[in-house]
1. Check segment B:105-112 and report whether any residue there is modelled with pLDDT of 95 or more, surrounded by fewer than 17 Cβ atoms within 10 Å (Cβ to Cβ) and within 30 Å of residue A:112 (Cα to Cα).
2. When segment B:8-20 is examined, which residues are found to be within 23 Å of residue B:78 (Cβ to Cβ) and within 12 Å of another protein chain (Cβ to nearest Cβ)?
3. Quick one: count up the residues across segment B:113-124 that are assigned to a loop (DSSP other than H, G, I, E, B) and within 14 Å of another protein chain (Cβ to nearest Cβ).
4. Checking the conditions here, which among A:261, A:269 is farther than 27 Å from residue A:67 by Cα and surrounded by 15 or more Cβ atoms within 10 Å (Cβ to Cβ)?
5. Please work out which one of (1) loosely packed, with under 13 Cβ neighbours inside 10 Å; (2) under 25 Å from residue B:189 (Cβ atoms) is the condition residue B:90 fails and give its number.
6. For residue B:236, state whether it is touching a strand residue (DSSP E or B) at 6+ places or on another chain (Cβ under 9 Å), at pLDDT below 95 and outside any helix (DSSP H, G or I).
7. Quick check on this structure: which one of B:158, B:127 is within 14 Å of another protein chain (Cβ to nearest Cβ), in a helix (DSSP H, G or I) and surrounded by fewer than 22 Cβ atoms within 10 Å (Cβ to Cβ)?
8. Do you know which residues across segment A:208-218 are in contact with a helix residue (DSSP H, G or I) (Cβ under 7 Å, 6 or more places away or on another chain) and in a helix (DSSP H, G or I)?
């Protein structure tokens, strides 16, 4: 596995690979790799000749500078894990090489971001995500880019950006990977104390409860949301950031559940923000 | 010369060319080709194996729907001119293939657009320009993209976008091509009556006057701008949209002229909006 830190070198390497008609899979990450990331890297390795894993904690997508400072950084471990999972190139640029001091270009997806984390974290979050991903696409030139369903809104937003700006690549969205007890894998889980780790499970529990209610015939979103929120508040000292039932295509709130919906929640356990979601089909 | 109308076909063609290690020059146009465009195409033909000329009247960059409706469309002539100048591919997509009805992604350069045409035409204009050019870059995959100095602000904005989003290409800015009497070539010139054609020359005359004043030692921008505006108003029934002396790098207004500046003006001759500009170095 090769480690590349220079943007120009990565771009030149991608150009060489393109000429050789080699297919490139890209797994964009912010590091602190866990089984969720590794599942994306393994998928990319199955489907492509070369697998580029980018590790870059993107400053412009953080609305909260404490969250940025506290974001776990475990590069040595990440390199070993990425290689083991099938990465052939790890791209680890420095922030000062990714952004000029007078950087002034941004990519914005307007409607899909006006929901869920786009509201909770402010409009700058997804502008930051889209801008860095557009940059990574132009630097790495992947045939396929892999994103996790854990960040369901992010995956949809990137798919829309790729379609609207004609990026010549396919976005693949891969399933959420969970701990044995159901907690969605997240780099931020490392920051939880043992007690918080127990409490955090309430988010998954709430989604499971919502799924049960809908599959047993409950069609009223508000009823389901109320019960999910109650479940969370009864199971720990957790602050609910949002808990919504939305359309899987537009992310608009759904009032009456007649078809597949996305249950999406965000909570603060202490100062650690966690998100999770579940696709639920009332016909099941 | 090949004509391609499908986005997917153009993208596949570009991919094939990349694999063959062929260099691609792109000249993005809105058609109604004149000597200005042809000079870009010839330059591109000198410097690249393949020259793609895109012809697309981009609806989202027009702030004025009458201007969009009246924009000259001369496709048959354009095809002959482009081929003659050295184009190997003409890309002529339909608007409904370039934009999905639920298109919602935009690319914005924030500071450089907050001047000149970015104010006069509203912020949507350059969002429209950047978005369509980003799309064209992703579809055509040029090594070099050619823009005219006539649209000085546009050229700077695109250069900034390319740098900030790491598009793997070079932007070349080519000199303004003028009629014998000095009028800057523009597709919109076709819409001028004979009388308006005479009046339109006042814009070039004003820039020449400004250049003379600065080269003879005038350092006060306001003095120069006032004389340029007086020149225009004395030479015809013209409405001045803006007339500014700005930094060549930031486009900020310059008060005291100590180094190279850009004189930039926009006028309405009847309902036809014309722009022109001149780089002036006080040291000359």
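The values are calculated or read from the model by the stated rules, or taken from the named source; none is laboratory data. Values in this document were obtained by computation on a predicted structure and should not be read as measured data. So basically every Cβ, Gly included, is an ideal-geometry build from the backbone, and we count neighbours across all protein chains shown.
1. Within segment B:105-112 (the criterion being modelled with pLDDT of 95 or more, surrounded by fewer than 17 Cβ atoms within 10 Å (Cβ to Cβ) and within 30 Å of residue A:112 (Cα to Cα)), the answer is yes, since at least one residue qualifies.
2. B:8, B:10, B:11, B:13, B:14, B:17
3. 3
4. Working: A:269 fails: farther than 27 Å from residue A:67 by Cα.
Exactly one residue qualifies, and that residue is A:261.
5. Among (1) loosely packed, with under 13 Cβ neighbours inside 10 Å; (2) under 25 Å from residue B:189 (Cβ atoms), the lone unmet condition for residue B:90 is (1).
6. Numbers: touching a strand residue (DSSP E or B) at 6+ places or on another chain (Cβ under 9 Å): yes; at pLDDT below 95: yes; outside any helix (DSSP H, G or I): yes.
Spelling it out, residue B:236 is indeed touching a strand residue (DSSP E or B) at 6+ places or on another chain (Cβ under 9 Å), at pLDDT below 95 and outside any helix (DSSP H, G or I).
7. B:127
8. Within segment A:208-218, A:209, A:210, A:213, A:214 qualify.
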